[in-house]
């Protein structure tokens, strides 16, 4: 529930930006929108809300500047959403690797979009609230890089009581 509220607030804040003020972050010759679907001017994007995680969700996470959300759904998909765009990019689920430092890494792709998600068991604060999450996450979609926090559905359930 806490994650849902966090991302709902982030989505509302990002929707207050006018289209003229949207920043496009550049890394080499790619832009933040290069890793997303062609529906960038989706008028319903501001109405998009991050829904309750599916029952088979392994991790949910996100970050800000820009606001984004990721959900790992075991044996189905890894869904990445930039709030400004409002349309998630779904990547096929691939089993993760565990690195020597015990970080969990998912690597997958769809079309010309490549995703790498690294999850570390290290407390993380989202920078906008007093919430402390049990995992730090690092996401790259093509050339764009994002850092944030994550938790499992079991940890979310503990927080509700």
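Of all residues in the stretch 105-133, how many are exposed (fewer than 15 other Cβ atoms within 10 Å of the Cβ) and more than 24 Å from residue 91 (Cα to Cα)?
8
Looking at this structure, is residue 77 farther than 14 Å from residue 150 by Cα and at pLDDT 95 or above?
yes
Please tell me if residue 72 is over 9 Å from the mean Cα position of the chain (by Cα), in a strand (DSSP E or B) and under 23 Å from residue 126 (Cβ atoms).
So residue 72 passes the test.
The values are calculated or read from the model by the stated rules, or taken from the named source; none is laboratory data. It should be emphasised that the depicted structure is a prediction, and the values quoted were computed from it without experimental measurement. Heads up, the Cβs are rebuilt from the backbone with ideal geometry, glycines too, and the neighbour counts pull from every protein chain shown.
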